[in-house]
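Every number in this text was worked out from the coordinates using simple rules, so none of it is lab data. Predicted model, so just to flag it, every value in this text is computed and none were measured. Glycine also receives a Cβ, built like all others from the backbone with ideal geometry; neighbour counts cover every protein chain displayed.
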Amino acid sequence: MAEAAHRYDETMPLEYRTQESRLNILGFWIFLGAEVALFATLFATYLVLFQRTGSGPTAKELFEVKDVLIETLLLLTSSFTCGLAVFEMRRGRLSGLLTWLLVTLLLGAGFITFEIREFIHYVHEGATMQTSAFLSSFFVLVGTHGAHVSLGIGWMILIIIQLLQRGLTPRTARKVFIVSLYWHFLDVVWIFIFTLVYLTGMVI
Amino acid sequence: MGVNNHHETFPWKHIVGFIFSLLLTFAALWVALSSGLSAGAIIGIIVILAVIQASLQLFMFMHMTESDSGKIQTINMAYSFFIAVVVVAGSVWTMSFVL
């Protein structure tokens, strides 16, 4: 704890250099804890209602393995490339950081594209938010995650613009690190959507 | 504590995390679709696989335990997952008594 006395510590990675940055990062972890609670309520609603399909299709009839797997692999790979971006940042390489952030963005955009196509496909099959309790809770849960990913894409674009304008500073490094936490977290949520919504839906 | 400026030249941690995540994803897929186990067993196994994969993300990609506040961060996330389990399992169990 002797370290806490230093306001500026040269031995740490850029994003941890100032006390303000360290507190920002800790604060973001607290926010992620609240996000876990938010998604927990949506998962609870979905898991309570997912067999209430009314006159609409069941999960088993609706879900397609291939589409779900493509979305899963796109998001998982984007989480990996986002990790590589932070790795490059810690080596002090701005170009590597920007390259991997851009790859992450493209994979994220690919994920959203496939998700929107999936939703449109469902609606064309007559499976809309109004069809059944299963579909209402499905669209709210998966849609909330998709909205988070869309927000993450916009956020990451802004961070890239700042990096281009200001370069790697303790401040921009901290912002990159925080957006990376957000991005990885979205993959954590998706792992549970993949497992509890799609795989479980295809089993039961 | 756990973080310093000593750089690795190759992102081994990330690559290992990524490969394990892929393996866990495909393992879950196989268990769900091709293992022929009972629904209860399948869901138990794939939930465990999901928890392992989520932990990989938290530890290997998000560096949860690094920095001075690593402990606070870890306790915070553990507590939030506890809340999640209570909310989800509690709701499902309660509502299992409704027709």
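For this structure, a couple of remarks:
- Structural descriptor for chain A: relative contact order 33 percent, calculated from alpha carbon pairs under 8 angstrom and at least 6 residues apart.
- Among the residues of A:62-71, the average count of other protein chain beta-carbon atoms within 10 Å of the residue beta-carbon is 1.
- Candidates A:63, A:178, A:163 compared by Cα position along the dipole of the protein assembly as shown: farthest toward the positive end lies A:163, with charges placed on Cβ.
- Per-residue [θ]222 nm for chain A (sum of -39500 (n - 2.57) over DSSP H runs n ≥ 4, rounded to 500): -26000 deg cm²/dmol
- Taking the fewest neighbouring Cβ atoms within 10 Å as the starting point, the ordered list for B:79, A:122 is B:79, A:122.
- Spin-label pair residue A:23/residue A:37, simplified geometry with 7 Å Cα→Cβ offset, distance in nm: 2.2
- Rounded if a/c under 1.5, otherwise prolate or oblate - the range A:4-105, Cα gyration tensor axes: oblate
- Selection from A:16, B:41, B:95, by position along the positive dipole direction of the protein assembly as shown (Cβ): A:16
- Our summary of shape: the Cα atoms of the range B:12-95 have principal axis extents of 46, 37, 10 Å, ordered from largest down, in whole angstrom.
- Take each residue of peptide A:189-199, count the partner chain Cβ atoms within 10 Å of its Cβ, and average: the result is 6.
- Dipole magnitude (debye, nearest 20) for the protein assembly as shown, charges at Cβ of Lys, Arg, Asp, Glu: 400
- Averaging the sequence gap over all C-alpha pairs within less than 8 Å and six or more residues apart, then dividing by the number of residues, gives the range B:12-95 a relative contact order of 26 percent.
- Model label sites at residue A:102 and residue A:61, defined 7 Å from Cα along the beta-carbon direction, differ in position by 4.7 nm.
- Furthest towards positive pole of dipole, A:92, A:109, A:48, structure part chain A, Cβ charges: A:92
- Cβ neighbours within 10 Å from other chains - mean over A:29-37: 6
- Fully extending the segment from residue A:158 to residue A:109 would add 16.1 nm, taking 0.36 nm per residue of separation and subtracting the current Cα-Cα distance.
- For the residues B:20, B:81, B:59, a GNM of chain B with alpha-carbon springs under 10 Å puts the largest fluctuation on B:81.
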